[in-house]
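Values quoted throughout were computed directly from the atomic coordinates according to the rules given, and no laboratory measurement underlies them. It should be emphasised that the depicted structure is a prediction, and the values quoted were computed from it without experimental measurement. Here the Cβ is made from the backbone with ideal geometry for all residues, glycine too, and neighbour counts use every protein chain on show.
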Amino acid sequence: MNIHEYQGKSILKSYGVAIQEGVVAETVEQAVAAAKEMKTKYNSDWVVIKAQIHAGGRGKGGGVKLAKNIDEVKEKAGAIIGMQLITPQTGAKGKR
């Protein structure tokens, strides 16, 4: 079964499992808006930006980044969104 992390969290949440909340963003602007929403909701400037591909090892491939403020959200989301992510599970060709 191929589901993304955010989809799996949604399924778990529907069964009452406690999850760490997140927001899906497809553009840098959406990522910035999501980070601002998370700051308002949880009072933290720090957010984790994760690529959503069907493969493990996203962090080792550069697809998981910690942003400590809005400027870093712009920078890191801009680098991750649309990148060709190469992990041990994707092979040399990678996945977008």
Label point distance in nm, residue 13-residue 70, each placed 7 Å from Cα along Cα→Cβ | 2.4 nm
Tally Lys/Arg at +1 and Asp/Glu at -1 over every other residue whose Cβ is under 14 Å from the Cβ of residue 59; what's the total?
-> +4
Order of 86, 11 under a 10 Å beta carbon neighbour criterion, fewest first = 11, 86
Take the alpha-carbon centre of the range 1-27, take the same for the range 63-96, and report the distance between them in whole Å.
-> 19 Å
Where Lys and Arg each count +1 and Asp and Glu each count -1, what net charge lies around residue 69 among other residues with Cβ under 12 Å from its Cβ?
-> +1
How big is the charge dipole of the chain about its Cα centre, in debye rounded to the nearest 20, if each Lys and Arg gets +1 on its Cβ and each Asp and Glu gets -1 on its Cβ?
-> 300 debye
Given the pairs 36/60; 41/95; 13/74; 9/41, which are separated by over 23 angstrom at their Cα positions?
-> 36/60; 41/95; 13/74
So for 90, 27, 40, fewest C-beta neighbours within 10 Å to most, what's the order?
-> 40, 27, 90
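As a test of the formula, what do you get for the chain when each DSSP H run with n ≥ 4 contributes -39,500 (n - 2.57) and the sum is divided by the residue count, at 222 nm and rounded to the nearest 500 deg cm²/dmol?
Theoretical 222 nm ellipticity from helices: -11500 deg cm²/dmol.
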Find, among the GluC sites (Glu not before Pro) in the range 1-54, those assigned to loop by DSSP (not H, G, I, E, B) with at most 12 other beta-carbon atoms within 10 angstrom.
-> 21, 26
For semi-axes √(5λ) of the Cα gyration tensor in Å, which listed value, (i) 54, 31, 11; (ii) 36, 21, 14; (iii) 22, 19, 10, comes from the coordinates shown?
-> (iii)
Once residue 30 and residue 52 are pulled to full extension, the length gained, defined as 0.36 nm per residue separation minus their Cα-Cα distance, is 6.4 nm
